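The values are calculated or read from the model by the stated rules, or taken from the named source; none is laboratory data. Note that this is a predicted model, so its numbers are computed, not measured. Note that we place each Cβ from the backbone using ideal geometry, even for glycine, and neighbour counts take in every protein chain shown. The accessibility values were calculated without ligands, DNA or RNA, using every heavy atom of the protein model including side chains. Shrake-Rupley method; radii C 1.70, N 1.55, O 1.52, S 1.80 Å.
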Amino acid sequence: LDKSSAETTALAFDSTGGQLATGSKNGTVRFWNTSDGRLLGEWQATQNEVNRIIFHPDGERVFVADGESCQVRERNSGATVLQVGDDSGVAGLALNADGSLLMVTGDTLPQIWNLKAQRRVETLEGHSDGVASGAFSRDGRWILTGSGYMRGTSVAPPDDASSVFVWDAKTRRQLLSYRSAASEVEIVHFVKDGSRIFAGERDGKVRRYECAACVPLP
């Protein structure tokens, strides 16, 4: 990519793999053709650093977060369609498979937003530490969240510091927790049928968990 891609702080491919979106340190979002690296367009999303960016499966919307807030924007014009989250900050974003639900993480209460209704429909209550990351299983049955305690602060960590929680997506009930992580869990991901979980930590470790409760039903 050309020199305007310097200081890229977030990126995402669209569902076809034909376009790459990049967010920069100065808040600009750019779109690139993946076959030849050609710049297709750009617009200013924020005055802050973009820390998360996601394409919606329809290819017409993009989700952009700058650590303070998240906006749903039109892909072509950059016009804001919806503001999500609140003043508690945004650390991570996750879409379910069909793009109908968005999870926003940042404080101790991850938020679930219904994008068709354009409103928050649920908060997941259970973490006592800040939630940095989240994910939906491909079949939509499970939700995954990862929290973390920042070492070096004077505040004592809670009992569930740096943990991974598995939730029932229908009832929003917490099913399982994994608390072996030593530092903040910055990314979580379901693999294949959802029975295996990967969690990446701030200190560079990646842990794999087998989710016995996540076995697909007949």
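Remark: pairs (first residue in segment 175-202, under 18 Å from residue 139 (Cα atoms) and in a strand (DSSP E or B); second residue among the basic types (Lys, Arg) and open to solvent by 70 Å² or more (accessible area, probe 1.4 Å); Cβ separation under 9 Å; 6+ apart in sequence or on different chains) = 190/138; 190/196; 191/208; 196/208; 197/208; 198/208. Just one of the listed residues (94, 79) is of a type outside the set (Lys, Arg) and loosely packed, with under 14 Cβ neighbours inside 10 Å, and it is 79.
Can you give me the number of residues within segment 97-146 that are modelled with pLDDT of 90 or more, of a type in the set (Val, Ile, Thr) and surrounded by fewer than 23 Cβ atoms within 10 Å (Cβ to Cβ)? Counting residues in segment 97-146 that are modelled with pLDDT of 90 or more, of a type in the set (Val, Ile, Thr) and surrounded by fewer than 23 Cβ atoms within 10 Å (Cβ to Cβ) gives 3.
Taken together, 28, 34, 46 contain a single residue that is more than 21 Å from residue 133 (Cα to Cα), open to solvent by 30 Å² or more (accessible area, probe 1.4 Å) and hydroxyl-bearing (Ser, Thr, Tyr), which is 34.
For segment 147-154, state whether one or more residues are touching a strand residue (DSSP E or B) at 6+ places or on another chain (Cβ under 7 Å) and either assigned to a strand (DSSP E or B) or modelled with pLDDT under 95 (or both). Checked against the condition, which is being touching a strand residue (DSSP E or B) at 6+ places or on another chain (Cβ under 7 Å) and either assigned to a strand (DSSP E or B) or modelled with pLDDT under 95 (or both), segment 147-154 yields at least one hit.
Residues in segment 15-64 that are among the small types (Gly, Ala, Ser) and touching a Leu at 6+ places or on another chain (Cβ under 6 Å): 1 in all. No other residue among 205, 170 is open to solvent by 60 Å² or more (accessible area, probe 1.4 Å), farther than 30 Å from residue 59 by Cβ and either without any contact (Cβ under 8 Å) to a residue 40 or more places away in the chain or not hydrophobic (A, V, I, L, M, F, W, C) (or both) apart from 205. Hey, residue 89 hits all of (1) crowded, with 20+ Cβ neighbours inside 10 Å; (2) at pLDDT below 90 but one; which does it fall short on? Tallying (1) crowded, with 20+ Cβ neighbours inside 10 Å; (2) at pLDDT below 90, residue 89 fails exactly one: (1).
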